[in-house]
Amino acid sequence: MTGTIAFREPDAGILARRETIIDELQALLPEDALVHEARELVPFETDAFLAYHRVPLAVCLPETTEDVARVLGYCHENGIPVVPRGAGTSLAGGAIGQEDAIILGLSRMNRILDIDLPNRAAVVQAGVTNIAISEAVAPEGFFYAPDPSSQLACTIGGNIGMNSGGAHCLKYGVTTNNLLGVKLVLVDGTVIDLGGKMLDSGSLDLLALVCGSEGQLGIITEATVRLLAKPEGARPVLFGFPSSESAGACVTDIIAAGIIPVAIEFMDKPAIEICEAFAHAGYPLDAAALLIIEVEGSEEEMEAMLGRIVTIAETHGVMAVRRSQSATEAALIWKGRKSAFGATGRIADYICMDGTVPLSQLSYVLQKTSEITDRYGLRVANVFHAGDGNMHPLILYNINDPEDAARAEEAGAEILKLCVEAGGCLTGEHGVGIEKRDLMRHQFGEADLRQQMAVRAAFDPDWSLNPSKVFPLEGRDD
């Protein structure tokens, strides 16, 4: 699929110097840390936004911060664009390279450097997987809170780049709420440290600026993350509803009542059927929508909170309430939800939207989303973080049919515009990448965009870090 999203034109001068660039990069890196043969570049030509492909000039696989600094310094001196890449799980095209660009992959930087339980912090390299942190500290009774559905594969560097969240972000927040510090390599190879193990640091909060910047301000090589004590107990409960609207209204009323569970996850009927066929988690197939609501604490605390939630659910016509009775059953419930994207990929190609809306607008946006996809003759499966209004409609289509793919993109753009018009925003955790870049003007005015681009250009005046991403190509200062 060629698609409708444009990339900037590759620099012919860089392409003409390809062999020289490869030779000079090879001298900066360990022996097997440069990928440049055509067939070896194929795995790096796209990320999880599979509709678009660009074969990069080469791929660097550094093992240390010093390796990264050398590569960035060289590319800066020679005007070569650089695209950072973690595990390649970006759903917005954030890690797709270009023909004149170097992909700087951080997958080999996968060591946990320090676990500091007295200060409840861990220092990890950017290529460490999300779940590996929790696994490393679980025997001591701690965990790392953000838990994207791709946590088995996605890496901390990518999580920071997109400010990822996950099912438990309702109570514990997203990456920025659990990030204490980073080691950042700037575009010219300079290495700086932001934040640290202290709870707060003086001066400008550049750490918050870097988190969510999608690799455009520098490349993160290390992160200091917050560790939390595991709760006494946790229990996910399934609630089946007669309609998506009633499930959405239930979520709104739970939050309005001042109840903050650990997680509230939503699935509509198509998503229920897809996930149940894959995970056999016991999801209610007769329900039009379900909520997975997890509570935690002591047995008494969990029962009290669940009692209040059940009472609210009953006012919205809840059809079924199923409480997990064991750790195995709880894991199975979450397996279905965490496998949603992969399970959907078994039956169709899809694009996954990531708009976020106020909770009071959930039912309205769900209804309008169905109307939009029906109008385009497409199917949609909705599965998302309902507690913070982070929508994830999966628009199903045939990637090999250009007309079908174009309809899917147009429908997705309408859904994202709908989210903004309902008082929300274009992205909750997947980032802008290339997918939402040309919709930025729908959310921001020209003055807003100019200010954001001015900050970005202060770090990277030549716009060489992750070019073609986030901001509209027109109106840049490059």
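A few points about this structure:
- Spin-label pair Asp32-Asn400: with each label point 7 Å from Cα along the Cα-Cβ axis, the two points sit 3.5 nm from one another.
- Along its three principal directions, the equivalent ellipsoid of region 332-443 from the Cα gyration tensor extends over semi-axes of 20, 19, 13 Å, largest first.
- Length added when fully stretched, Val42-Arg322, from 0.36 nm per residue minus Cα-Cα: 96.3 nm
- Distance violations [Cα-Cα > 29 Å] among Lys269/Lys469; Lys197/Lys417; Lys269/Lys335; Lys171/Lys269; Lys338/Lys417; Lys183/Lys335: Lys269/Lys469; Lys197/Lys417; Lys183/Lys335
- Across the alpha-carbon atoms of region 244-324, the computed radius of gyration and Dmax are 12.8, 35 angstrom.
- Positive-end residue, the chain charge dipole about Cα centroid, Cβ charges, pick of Val262, Phe143, Ala454: Val262
- Theoretical gain in end-to-end length, Arg8 to Glu99 [0.36 nm per residue, Cα-Cα removed]: 31.7 nm
- Each semi-axis of the equivalent ellipsoid for region 182-334 is √(5λ) with λ an eigenvalue of the Cα gyration tensor; in descending order they amount to 39, 19, 16 Å.
- The Cα trace of region 124-232 gives Rg and Dmax of 13.4, 47 Å, the first to one decimal, the second as a whole number.
- Within region 307-323, backbone nitrogen closer than 19 Å to the virtual label 7 Å beyond the Cα of Asp253 toward Cβ: 307-322
- Share of Cα-Cα pairs in the chain lying beyond 33 Å, as whole percent: 37
- Within the accessible area of the chain (1.4 Å probe), percent carbon and sulfur: 52
- Value at 222 nm in deg cm²/dmol, rounded to 500, when DSSP H runs of n ≥ 4 in the chain each add -39,500 (n - 2.57): -10000 deg cm²/dmol
- Bridge type composition, the chain - antiparallel percent by DSSP, nearest 5: 85
- Between Asp205 and Arg308, the modelled label-to-label distance comes to 2.7 nm, taking each label 7 Å out from Cα in the direction of the beta carbon.
- The distance from the alpha carbon centre of region 308-375 to that of region 126-166 is 22 Å, rounded to a whole number.
- Diagonalising the gyration tensor over the Cα atoms of region 392-478 and scaling each eigenvalue by 5 before taking the square root yields semi-axes of 26, 16, 11 Å, largest first.
- Selection from Gly424, Tyr397, Gly412 lying farthest towards where the dipole of region 378-431 points positive, charges on Cβ: Gly424
- Calculated FRET value between Ser107 and Asn78, using beta carbons and R₀ = 25 Å, to 0.05: 0.55
- Accessible surface, per residue, of the chain when the full set of protein chains is kept, probe 1.4 Å, Å²: 39
- Put simply, the amide H of Ile399, placed in the peptide plane, has neighbours under 5 Å in Asp349, leaving out anything fewer than 5 places away on its chain.
- Volume per residue that the Cα convex hull of region 434-476 spans, once the total is divided by residue count, Å³: 61
- Cα-projected label distance for Leu50 with His280, points at 7 Å along beta-carbon direction, nm: 2.5
- Farthest toward positive dipole pole in region 169-244 [+1 Lys/Arg, -1 Asp/Glu at C-beta], among Leu194, Gly173, Gln216: Gly173
- For the chain, a simple Cβ point-charge model (Lys and Arg +1, Asp and Glu -1, everything else neutral) yields a dipole of about 660 debye relative to the Cα centre.
- Candidate residues His385, His316: accessible-area rank, largest first, probe 1.4 Å: His316, His385
- Its Kirkwood hydrodynamic radius, worked out from the mean inverse distance over all distinct Cα pairs, puts region 80-185 at 14.4 Å.
- Applying the Karplus relation 6.51 cos²θ - 1.76 cosθ + 1.60 with θ = phi - 60° to region 350-355 yields 3J(HN,Hα) values of 7, 10, 10, 6, 8, x Hz, where x marks Gly and Pro.
The values are calculated or read from the model by the stated rules, or taken from the named source; none is laboratory data. Treat the numbers as computed from the prediction; the structure is a model and nothing was measured. When we count neighbours, we look across all protein chains shown, and the Cβ atoms used for this are built from the backbone with ideal geometry, even at glycine. Note: accessible area is taken over every heavy atom of the protein model, side chains too, but ligands, DNA and RNA are not part of it. Shrake-Rupley method; radii C 1.70, N 1.55, O 1.52, S 1.80 Å.
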